[in-house]
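One structure is given here, and the rest of the page talks about it.
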Amino acid sequence: MNIIKAILFVGIFVLSILIGKQISRKYVEREKELKDMKNALNILKTKIKFTYQPLGEIFEEISNTLKNNVGNIFKTAQEKMINRTAQSSWESAVKTSQNNLTNEDKEAILTLSKMLGQTDVEGQVSQIDVTQEFLDKQIELAENERTKNEKLYKKLVPTIGLAIIIILM
């Protein structure tokens with residue numbers, strides 16, 4: 001009976017460590033995705049400014065370059081552009097994307113859709129610049145949250161696991 005109890009306690013403790021790491025990983029992934037989005041917008045801005053490629057082709061190139069959640073946003077937008085405008089495709093792709101971004105992050109990214117495919121090159125480039133400024137603020141917030149919460153969850157959840165073990169003893 002004591003062996004079963006010991007195995008149960010070890011299981012609870014290991015599970016609490018894994019849960020803590022999983023929660024803290026979301027903060028790391030959010031920061032990474034915001035930085036990836038900023039880099040993708042740099043690529044978009046350069047392509048719009050110098051190559052005059054259609055947005056669908058640019059989105060496809062970016063999605064092929066970034067094989068992650070951010071790349072999936074561009075891929076989804078590119079696929080939806082067959083039947084829709086660039087603005088509605090981008091909005092739909094951002095809103096339906098599965099990632100670690102918060103609603104505030106998505107709102108910052110959605111500001112890009114206002115002039116995407118609607119204005120001349122300079123208008124689109126200036127809108128990308130505005131979006132990147134919003135992203136800079138969100139990246140700073142994400143870095144602060146990560147440094148504050150990453151250690152907290154890695155230590156707090158295992159401590160809760162230990163408390164549960166002590167209560168069950």
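For segment 98-119, taking the residues that are more than 11 Å from the chain's Cα centre (by Cα) and within 15 Å of Val70 (Cβ to Cβ), the one that is modelled with the lowest pLDDT is identified as Leu112. Filtering Glu122, Glu133 for residues that are at pLDDT 85 or above, of a type in the set (Asp, Glu) and out of contact with any Leu (no Cβ under 7 Å at 6 or more places or on another chain) leaves a single hit, Glu133.
The set of residues in segment 58-75 that are under 14 Å from Trp90 (Cα atoms), out of contact with any Phe, Trp or Tyr (no Cβ under 8 Å at 6 or more places or on another chain) and without any contact (Cβ under 8 Å) to a residue 24 or more places away in the chain contains only Ile58. The residues in segment 76-91 that are closer than 23 Å to Asp136 by Cα and without any contact (Cβ under 8 Å) to a residue 24 or more places away in the chain can be counted, and the count is 2.
Taking the criterion of being over 16 Å from Ile19 (Cα atoms) and either in contact with a Pro (Cβ under 8 Å, 6 or more places away or on another chain) or assigned to a helix (DSSP H, G or I) (or both), the residues of segment 147-169 that qualify are Thr147, Lys148, Ile166, Ile167, Leu168. For segment 9-32, does any single residue satisfy the condition of being part of a loop (DSSP other than H, G, I, E, B), over 30 Å from Ala163 (Cβ atoms) and under 14 Å from the mean Cα position of the chain (by Cα)? No, segment 9-32 has no match at all. Residues that are touching a residue at least 60 places away in the same chain (Cβ under 8 Å) and of a type in the set (S, T, N, Q) were ranked within segment 134-154; the one that is nearest to Glu107 (Cα to Cα) is Gln138. When you check Thr131 against the structure, is it in contact (Cβ under 8 Å) with a residue 60 or more places away in the chain and under 24 Å from Lys32 (Cα atoms), yes or no? For Thr131, the condition - in contact (Cβ under 8 Å) with a residue 60 or more places away in the chain and under 24 Å from Lys32 (Cα atoms) - is met.
For Asn42, the test of being under 26 Å from Asn149 (Cβ atoms) and in a helix (DSSP H, G or I) is failed. State whether the residues of segment 70-93 include one that is of a type in the set (S, T, N, Q), under 18 Å from the mean Cα position of the chain (by Cα) and not in a helix (DSSP H, G or I). Within segment 70-93, not a single residue is of a type in the set (S, T, N, Q), under 18 Å from the mean Cα position of the chain (by Cα) and not in a helix (DSSP H, G or I).
Summed over segment 143-166, the residues that are under 15 Å from Arg30 (Cα atoms) and hydroxyl-bearing (Ser, Thr, Tyr) give a count of 1. If the condition is being out of contact with any Ser or Thr (no Cβ under 8 Å at 6 or more places or on another chain), assigned to a helix (DSSP H, G or I) and surrounded by 20 or more Cβ atoms within 10 Å (Cβ to Cβ), then segment 95-108 contributes only Asp105. Scanning segment 109-125 for residues that are surrounded by fewer than 22 Cβ atoms within 10 Å (Cβ to Cβ) and more than 17 Å from Tyr52 (Cβ to Cβ) yields a count of 3.
The values are calculated or read from the model by the stated rules, or taken from the named source; none is laboratory data. Given the structure is predicted, the values throughout are model-derived calculations rather than measurements. Every residue, glycine among them, receives a Cβ derived from its backbone with ideal geometry; neighbour counts consider all protein chains shown.
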